[in-house]
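**Q** My questions will all concern the structure given below.
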Amino acid sequence: IMMRNKEGVMELGTKIVGDFGGYTELWNGEVVTISTYNTKVLMEFYVEAGPKTKKFIESILPSMLSQLGLTNSKKLLMIKMDPELKDMGTTVPMPGIDTYLVVIKPTRSLHVLGSTLAHELVHVRQLARGVLKITPKGRTWQGKFYSKKTPYLQQPWEIQAFAQQEIV
């Protein structure tokens, strides 16, 4: 895009061609309409992991957050790797500091890591939307209380997370 002022002509950029992000120079005198799309602001996040794992998580996280509708949130998402974790992952709301903490057990398999992250992010969405609430005595799902004795695979929030983790 060219702009003419008193000093001369200066180039402001190029145009995107098609849906695949190809670029081409503008022809002299060509007029374009400038618009934006997908301007949602993603949830702010911080990843604490080794360099390769951190790079992998940071590369897939924006897409996952967008797909789950975790945009325009004022809360921070902290993701931490913990080799001592007994489960593959856990999500802990930290309302006092407006944060969701996702802790994941490290693995060499990027597929397992990605699936576990997606599973835990489904829980973040459940918590953010208020359909899942954690209490000292158990969990509340869509207004119905479930005690800590409810078998893991019978918990509706887990059923939903397993169903959606491979889609995200």
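**Q** Based on alpha-carbon atoms only, what is the radius of gyration of segment 85-168 relative to the globular estimate 2.2 N^0.38 Å?
**A** Relative to the 2.2 N^0.38 Å estimate, segment 85-168 comes out at 1.08.
**Q** Going by average Cβ neighbours within 10 Å, how do the peptides 86-97, 53-64 rank, with the highest at the top?
**A** 53-64, 86-97
**Q** Another question, then. What FRET efficiency comes out for the pair residue 107/residue 144, r = Cβ-Cβ distance, R0 = 30 Å, nearest 0.05?
**A** Efficiency, rounded to the nearest 0.05: 0.35.
**Q** OK, next. Just the number, please: carbon plus sulfur as a percent of the accessible area of segment 40-150, 1.4 Å probe, no ligands or DNA/RNA counted.
**A** In segment 40-150, the share of accessible area belonging to carbon and sulfur is 55 percent.
**Q** Let me know the Rg and Dmax you get for segment 118-164 when you use only its Cα atoms, in Å.
**A** 10.0, 27
**Q** For residue 112, tell me the accessible area in Å² from a 1.4 Å probe, rounded to the nearest 10.
**A** The accessible area comes out at roughly 50 Å².
**Q** Please report how many Lys pairs in segment 87-168 have alpha carbons closer than 19 angstrom, counting only residues at least 8 apart along the chain or sitting on separate chains.
**A** Within segment 87-168, the lysine pair count is 5.
The values are calculated or read from the model by the stated rules, or taken from the named source; none is laboratory data. The shown structure was predicted, so the numbers you read here are calculated from the model rather than taken from an experiment. Heads up, the Cβs are rebuilt from the backbone with ideal geometry, glycines too, and the neighbour counts pull from every protein chain shown. Surface areas here come from the heavy atoms of the whole protein model, side chains and all, with no ligands, DNA or RNA. Shrake-Rupley method; radii C 1.70, N 1.55, O 1.52, S 1.80 Å.
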